[in-house]
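Have a look at the structure below, then the notes.
The values are calculated or read from the model by the stated rules, or taken from the named source; none is laboratory data. Source: prediction; values computed, not measured. All Cβ positions, even for glycine, are placed from backbone atoms using ideal geometry, and neighbour counts span all protein chains on display. Each accessible area value is taken on the protein alone, full model and side chains, heavy atoms only, with ligands, DNA and RNA left out. Shrake-Rupley method; radii C 1.70, N 1.55, O 1.52, S 1.80 Å.
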Amino acid sequence: MKKICLKSAAAYIALLPMFFLLSSCSDEDYLNTIPSNSIALTAVDMQRLDGKNIADKICKTLNIDNIENCGLDLKTKLYIFETQEGNIGLSAKVADEGDLEKCLNIMAKDGYCQNISKYRDYKFTIIKQSWVAGFSSDALVVMGPALPAQQADLKRQIARCLGLDADQGIKDTPIFNRLDSIDSPISLVAQAAALPDKFSMPFTLCAPKDADASQVMIAAGVEKGENDCLVIRGETFSFNKDINEKIKASSNVFRPIKGTYVANMQKNFPIGVFMNVDGRELISLLHSNKTSQALLAGMNMAVDMDNIIKSIDGDMAIFLSATGENTDIGMAAQLRDKKFLDDVGYWKQSCPPGSRITDWDKDAYCYTNGEKSYYFGVSQDLQFYAGVTENSARGVLSKSEPALPAKAMKMINGQRLAVVLNASALFGNGNVLEDFTGNTGTVLFIMK
């Protein structure tokens, strides 16, 4: 199965401008166009989103006078799905095929899409050279992104989707029924297999080691709250009863977050993960997760990261920042004790060839392999801190100009697991998410 990592996130972002062009009505026949074996499904309730500013921008960009005359029904939900092949798809109800064709012809003149062509019983165009769009009198399906050489195959897939019968569509499947139960302007249900490993890791830590990624599901509702950011409330579960019970039992490892480090996430960090744990319980979950297990294996070659984690007792934060080719992984955590420092002498002697550990400060050390360095230490008040530079390592314990709005920071307190996405740092200023988040570009994922 194709992994799309940040490409997947970027694909969803690329589809956001289409939200206010595409929607559905009470006639749900268009749901048949969504393949029943989709591994991720998102519903967008247009009537509950405050998107007038975005709609105005889209109208201006596409040279459309009135978005309501685009030929699509704007009354209820739009669906976005991911296929087993890793393609992102979008399904919407066509209200007036003639109006839709007129709209696309205007877009073609402006270079936004290609001229409409006929394939089988359906009409097609290519939007922004990457997205294949096909439509009938009932439904519109958009899929991609795809290179020109792949677009003919996508056209055939879309034609099959447009021709699916009711028993071949998504509507009567467990994933759709779970999605339909979520009361939110934007709702999502996805297999962990549909998400990049490093992104899904915080949400799959509670899954048993023998569970396949296709058996672990993430369900979430998305809304814009008064905190001036996009809030996603979700949970990890499984349609497999035994796996689901193990997930619920393991989730007790995560305790209410006290908020020790929420104000320490700097604006240049795209991702922040917050939790409160007893490290002795957390380490077993980390070793059961394939992604974190691989990360720990690499770290344990130089330092005994297992013992460091076992010493944690309280709030813990991990900050990820990418600058050019360098990735800064910052970490802060409250400790039970610092007994692991007694082993530093052994770590120095057993470093892999070409690497070494040197003293940096009191109870602080630097690991380097000649190309990259990592600084870590313990403060006088028993806090662990780490980063790729001296400043970034010390910075994780310092309050700074926060990446989070004040109300969003308060929302994290008392939660069991929170992941923050700073879209401005990840995608740059002016990204589409800022229109949904009050120009903060902040997305807060709270695990139930």
Close pairs from segment 124-150: first open to solvent by 20 Å² or more (accessible area, probe 1.4 Å), partner among the acidic types (Asp, Glu), Cβ under 6 Å, at least 6 apart: SER137/GLU97; ASP138/ASP29
- request: For segment 353-366, state whether one or more residues are open to solvent by less than 40 Å² (accessible area, probe 1.4 Å) and farther than 26 Å from THR260 by Cβ.
  value: yes
- request: Working carefully through the options LEU100, LEU104, find the one that is without any contact (Cβ under 8 Å) to a residue 40 or more places away in the chain, surrounded by 22 or more Cβ atoms within 10 Å (Cβ to Cβ) and not in a strand (DSSP E or B).
  value: LEU104
task: Check whether at least one residue in segment 194-209 is open to solvent by less than 10 Å² (accessible area, probe 1.4 Å), more than 30 Å from ASP313 (Cβ to Cβ) and not β-branched (Val, Ile, Thr), and report yes or no.
output: yes
query: Do the conditions hold for ASP153, that is, is it acidic (Asp, Glu), open to solvent by 20 Å² or more (accessible area, probe 1.4 Å), free of Cβ contacts under 8 Å to residues at least 24 places away in the same chain and on the phi < 0 side of the Ramachandran plot?
result: yes
Any chance GLY298 is assigned to a strand (DSSP E or B) and either without any contact (Cβ under 8 Å) to a residue 24 or more places away in the chain or under 23 Å from the mean Cα position of the chain (by Cα) (or both): no
- request: Test each condition in (1) among the charged types (D, E, K, R); (2) more than 29 Å from GLN349 (Cα to Cα); (3) surrounded by fewer than 18 Cβ atoms within 10 Å (Cβ to Cβ) for ARG416 and report the one that comes out false.
  value: (3)
task: Looking only at segment 429-442, decide whether some residue is more than 16 Å from GLY221 (Cα to Cα), of a type in the set (Gly, Ala, Ser), at pLDDT 55 or above and part of a helix (DSSP H, G or I).
output: no
message: Can you find, within segment 165-191, the residue that is farthest from LEU90 (Cα to Cα) among those that are open to solvent by 10 Å² or more (accessible area, probe 1.4 Å) and under 16 Å from the mean Cα position of the chain (by Cα)?
response: GLN191
- line: Within segment 334-381, residues of a type outside the set (Lys, Arg), closer than 24 Å to ALA317 by Cβ, part of a loop (DSSP other than H, G, I, E, B) and without any contact (Cβ under 8 Å) to a residue 24 or more places away in the chain come out as SER379, GLN380, ASP381
statement: Of the residues in segment 273-286 that are more than 17 Å from ALA332 (Cα to Cα) and free of Cβ contacts under 8 Å to residues at least 40 places away in the same chain, the one that is least open to solvent (accessible area, probe 1.4 Å) is SER284
message: Pairs needed: first member in segment 386-401, of a type in the set (S, T, N, Q); second member anywhere, assigned to a helix (DSSP H, G or I); C-beta distance under 9 Å; at least 6 residues apart or different chains.
response: THR389/GLY395; SER398/ASN264; SER400/ALA263; SER400/ASN264
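So that you can scan it fast, the table gives a plain yes or no per residue for (1) polar (S, T, N, Q); (2) at pLDDT below 85:
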site: LEU382; (1), (2): no, no
site: ASN391; (1), (2): yes, no
site: ALA406; (1), (2): no, yes
site: MET411; (1), (2): no, no
site: GLY414; (1), (2): no, no
site: ALA418; (1), (2): no, no
site: ALA425; (1), (2): no, yes
message: Based on this model, can you work out whether SER321 counts as open to solvent by less than 80 Å² (accessible area, probe 1.4 Å) and farther than 18 Å from MET265 by Cα?
response: no
message: Which of the numbered conditions does LYS123 fail, given that it passes all the others? Conditions: (1) at pLDDT below 90; (2) over 28 Å from ILE175 (Cβ atoms).
response: (1)
